[in-house]
Structure formats: structure tokens, C-alpha cells
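Worksheet: one structure, shown below.
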Amino acid sequence: MPTIDVQKVTYNQLDDEKDVYIDVRSPLEFAEYSLPSAINIPLFSNEERAKIGYIYKQESRDNAVEKGLELFSMKLPLFYRELKMRYQSNPQIRIIVYCWRGGMRSKTIAGTLSLLGIPCFQLEGGIRSYRTFIQEFLAKQMEVGHQFVVLAGPSASRKTEILDHLEDKGYPVVNLEKLANHRGSLFGHIGLTPHSQKEFEARLVRRLIELEHANHLIIEAESKRIGRVVVPSFILKGKDEGRIIEIDTPFHDRINHIHQTYRPDLHKEEFGEAISYLRKRLSHPVYMEVRKAYDENRFDDLFTLLLECYYDPRYEFKQGVDRAKGSSISFHPFEEGLSTLEKELDQLIHHSHER
């Protein structure tokens with residue numbers, strides 16, 4: 001077979017609107033993070049990749065390459081069909097193939113398919129070049145001097161719902177919990193698949209680029225961690241120095257919100273596992289009440305105990321010193337609270353523009 005020089009592009013030359021990204025890494029690698037809208041057509045399955053790695057370490061590089069080529073030869077028709085269909089449907093697109101560091105996996109596929117009449121480009125440096133861009137972008141954010149508006153309020157105050165509403169209306173919202181795909185509490189992962197640190201940071205950077213001309217960023221008052229994801233220091237600094245708006249939601253609305261959001265009837269086992277972590281954080285009598293309410297499916301009683309005996313006292317302790325820096329808006333009724341919040345945000349942003 002004749003050789004061909006694989007055409008390469010750098011990360012800075014990519015165009016999300018015109019390029020099609022083909023991620024040939026294993027499904028586990030792809031699940032951790034990927035380029036926006038990338039399509040995963042793995043050269044090796046998770047098990048195959050592990051086997052090749054084992055051969056490389058225990059036998060030799062040549063044996064590992066030989067095994068890889070054997071597996072690739074069986075999958076070449078799949079790659080050919082998939083990429084031929086995409087290329088023929090729109091010959092103007094660029095097909096960008098990438099792997100971890102722009103090595104043999106992406107080079108083999110891009111080169112072979114180019115020989116077969118399907119022009120493919122290899123991303124130079126692979127997904128690591130994207131990761132480098134993300135890290136460098138975030139490192140520069142401390143120098144940008146963002147102004148923050150911080151929505152605070154005790155757990156289940158419907159802050160995520162409020163942020164969703166504001167984002168839909170065009171306000172410069174950075175919804176950290178949505179970016180992390182985690183609700184931020186001990187129970188925040190229930191019913192969700194939380195994103196990795198790398199995927200969270202990639203999504204955060206994409207959102208910040210969308211809002212590069214905004215003079216304010218609206219966030220929720222998050223802790224340093226959202227599940228296993230660590231919030232960047234420039235956001236934590238912005239939270240501490242920003243304008244705080246406290247959301248005051250009636251207690252019964254918070255209970256209903258927890259029920260509708262977490263659906264304990266569908267995720268009871270996960271709730272039980274999360275509750276067990278509270279054994280050392282609650283007094284023994286309260287913990288036993290929580291367990292009894294859980295065992296008897298008295299979920300409203302369970303949520304009441306968790307808010308009154310755990311979450312609300314923690315919130316009062318953390319937020320007490322910050323209240324003087326902001327204002328409070330009653331969300332009773334909810335729609336009036338949204339209207340009041342929008343007016344306050346409009347005034348705040350308008351005055352900032354005037355300065």
C-alpha cells in the first residue's frame with residue numbers, strides 16, 4: 001500500500017460549525033471528556049485497549065502494534081462506511097480525527113481513509129492540545145477581573161430553576177451545577193451522571209467564551225467542590241467579592257422542590273446510600289429519625305429533618321457574615337420573585353454599563 005502524508009490541523013485551526021470531530025479513543029476515554037459534538041468511533045474497545053497495553057508492557061511494542069493492526073483490519077469497513085456517508089452527504093466538511101495525543105491511532109485511521117478517497121485530517125497533539133487550551137484559558141481568568149452576582153439561599157431554594165429561567169431570558173448565567181451535572185449536595189448525584197473535572201472545565205470554558213462581552217457573571221453560591229469537581233479559584237474569589245442576592249423561598253416550596261427534583265420513589269437505594277454518610281454528621285437521635293422516615297417512605301418528613309437539622313444550620317453558619325453585602329428577594333409567590341430579581345439585575349447591569 002502506498003504511503004501518504006497525513007494532513008494535520010492544530011486546535012486553533014478547528015471550526016466547531018464546519019468540522020466533524022471523530023474521536024477514536026476507547027469509550028471510557030471518550031466518556032471522561034471530548035471535543036464539542038465529537039462522535040466516538042473507537043478504534044479499540046475498553047477491553048481491547050487494556051489488552052494492547054498489557055502486551056506492550058509485558059511483551060514488546062512490536063507485538064502490541066501487530067495486535068492493534070489485527071484489530072483495526074477488522075474494523076476498517078466500519079470506519080469506511082461511517083466516514084464515507086458523512087463525507088458524501090457534505091463534501092465541504094472537514095473530517096478531523098483525533099486520539100489522546102495525536103499518535104498512532106488517529107494517524108492510522110486518517111491516513112488509511114485518505115488513501116481510500118475520504119479526506120481526513122489529524123488533530124495535532126490530540127485531545128491533549130484541547131486540554132492545554134482549557135488549562136491556559138482558565139489560568140488567565142484571574143486577570144480578567146470578572147464582576148459576579150451571586151444567588152445565595154438555603155438548600156432547595158430553587159436556585160437552579162431560577163438560573164435556568166435567567167439563562168433562557170439571555171442573562172449572563174454560569175450555571176456551575178449544570179456544567180458539573182451534579183446538584184452540589186450529598187444527594188446531588190442521584191439520577192445523574194456527573195461530569196469529570198476535565199469535562200466540567202471544558203464546558204465552563206465554552207460558556208465563558210460565549211459570555212466574553214458580559215460585564216457581569218451570575219452564579220450560585222457554590223462550595224469549593226460540586227460533587228468531585230473542584231470549582232476554579234477565580235470563581236470562588238468572585239463569589240466572595242461579588243454582589244449577593246439571597247433567595248427567600250417558603251419552606252413548603254423547598255420540600256416540594258426536593259420531591260420533584262430527586263424523585264426518591266425512583267431512587268430509594270441511592271438515597272439510602274447517601275443518608276448513611278450522615279451518620280457521623282447528625283446526632284444519634286436525629287439520625288435514627290431520618291433512617292426511620294426513610295424506611296417508612298415518609299419522604300416529606302425525611303426532607304424536613306434533613307433541612308432543619310443539617311442543611312439549614314450549615315447554611316446559616318456559612319452565610320451569616322455575607323448578608324450585609326447584598327439584598328434578599330422573597331419568592332412567595334415564585335413568579336413575583338422572578339420579576340423582582342430581573343428588575344434588580346437589570347438595574348445592576350445598567351448602572352455598571354454607565355460607569
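Structure notes:
- All of Ser339, Ser328 fail the test of being of a type outside the set (A, V, I, L, M, F, W, C) and either modelled with pLDDT of 95 or more or farther than 29 Å from Lys237 by Cα (or both), apart from Ser339.
- Residues in region 185-202 that are farther than 21 Å from Leu138 by Cα and either of a type outside the set (S, T, N, Q) or in contact (Cβ under 8 Å) with a residue 40 or more places away in the chain (or both): Ser185, Leu186, Phe187, Gly188, His189, Ile190, Gly191, Leu192.
- Ser45 vs. criteria of a type outside the set (A, V, I, L, M) and at negative phi: yes
- Residues satisfying the stated conditions in region 213-255, i.e. of a type in the set (Asp, Glu) and within 17 Å of the chain's Cα centre (by Cα): Glu220, Glu222
- Residue satisfying all of: in region 56-67; open to solvent by 70 Å² or more (accessible area, probe 1.4 Å) and either of a type outside the set (D, E, K, R) or touching a strand residue (DSSP E or B) at 6+ places or on another chain (Cβ under 9 Å) (or both); farthest from Ala110 (Cα to Cα) among these: Gln58
- Close contacts from region 30-57, counting a first residue that is assigned to a helix (DSSP H, G or I) and a second that is among the aliphatic types (A, V, I, L, M), with Cβ to Cβ under 7 Å and a gap of 6+ residues or different chains, come to Asn46/Leu28; Glu48/Leu71; Ile52/Ala64; Ile55/Ala64; Tyr56/Ala64.
- Of all the numbered requirements in (1) assigned to a loop (DSSP other than H, G, I, E, B); (2) open to solvent by less than 60 Å² (accessible area, probe 1.4 Å); (3) in contact (Cβ under 8 Å) with a residue 60 or more places away in the chain, Gln92 misses one, and that requirement is (2).
- Residues of region 73-88 that are of a type outside the set (A, V, I, L, M), open to solvent by 90 Å² or more (accessible area, probe 1.4 Å) and under 16 Å from Ile41 (Cβ atoms): Arg81 alone.
- Members of region 232-266 found to be in contact with a strand residue (DSSP E or B) (Cβ under 7 Å, 6 or more places away or on another chain) and part of a loop (DSSP other than H, G, I, E, B), listed by number: Gly242
- Residue identified as surrounded by fewer than 18 Cβ atoms within 10 Å (Cβ to Cβ), among the charged types (D, E, K, R) and at pLDDT below 95 among Glu70, Glu47: Glu70
- Test: Arg314 is within 30 Å of the chain's Cα centre (by Cα), at pLDDT 95 or above, of a type in the set (Lys, Arg) and under 20 Å from Arg183 (Cα atoms): no
- So Gly53, is it modelled with pLDDT under 95, in contact with a Ser or Thr (Cβ under 9 Å, 6 or more places away or on another chain) and surrounded by 12 or more Cβ atoms within 10 Å (Cβ to Cβ): no
- Listed here are the helices (runs of 4 or more DSSP H) enclosed by region 110-203 that have at least 1 residues being on the phi > 0 side of the Ramachandran plot and either modelled with pLDDT of 95 or more or crowded, with 21+ Cβ neighbours inside 10 Å (or both): 126-144.
- Of all residues in region 170-193, those satisfying the criterion of being in contact with a Leu (Cβ under 9 Å, 6 or more places away or on another chain) and under 18 Å from Leu345 (Cα atoms) are Tyr171, Pro172, Val173, Val174, Asn175.
- Any hit, region 240-248, residues being open to solvent by 30 Å² or more (accessible area, probe 1.4 Å) and either among the hydrophobic types (A, V, I, L, M, F, W, C) or out of contact with any Ser or Thr (no Cβ under 9 Å at 6 or more places or on another chain) (or both): yes
- Scanning region 33-44 for residues that are crowded, with 16+ Cβ neighbours inside 10 Å and of a type in the set (Ser, Thr, Tyr) turns up Tyr33, Ser34.
- First in region 203-231 and touching a residue at least 60 places away in the same chain (Cβ under 8 Å), second anywhere and among the acidic types (Asp, Glu), Cβ under 8 Å, 6 or more apart: Glu220/Glu177
- Pick from region 99-109, criterion of a type outside the set (Lys, Arg) and open to solvent by 30 Å² or more (accessible area, probe 1.4 Å), ranking: farthest from Leu71 (Cα to Cα): Trp100
The values are calculated or read from the model by the stated rules, or taken from the named source; none is laboratory data. Bear in mind that the values here come from a model prediction, so they are computed numbers and not experimental data. Positions of Cβ are generated from backbone atoms using ideal geometry, with glycine treated the same way; all protein chains shown enter the neighbour counts. Calculation scope for accessible area: heavy atoms of the full protein, side chains included, ligands and nucleic acids excluded. Shrake-Rupley method; radii C 1.70, N 1.55, O 1.52, S 1.80 Å.
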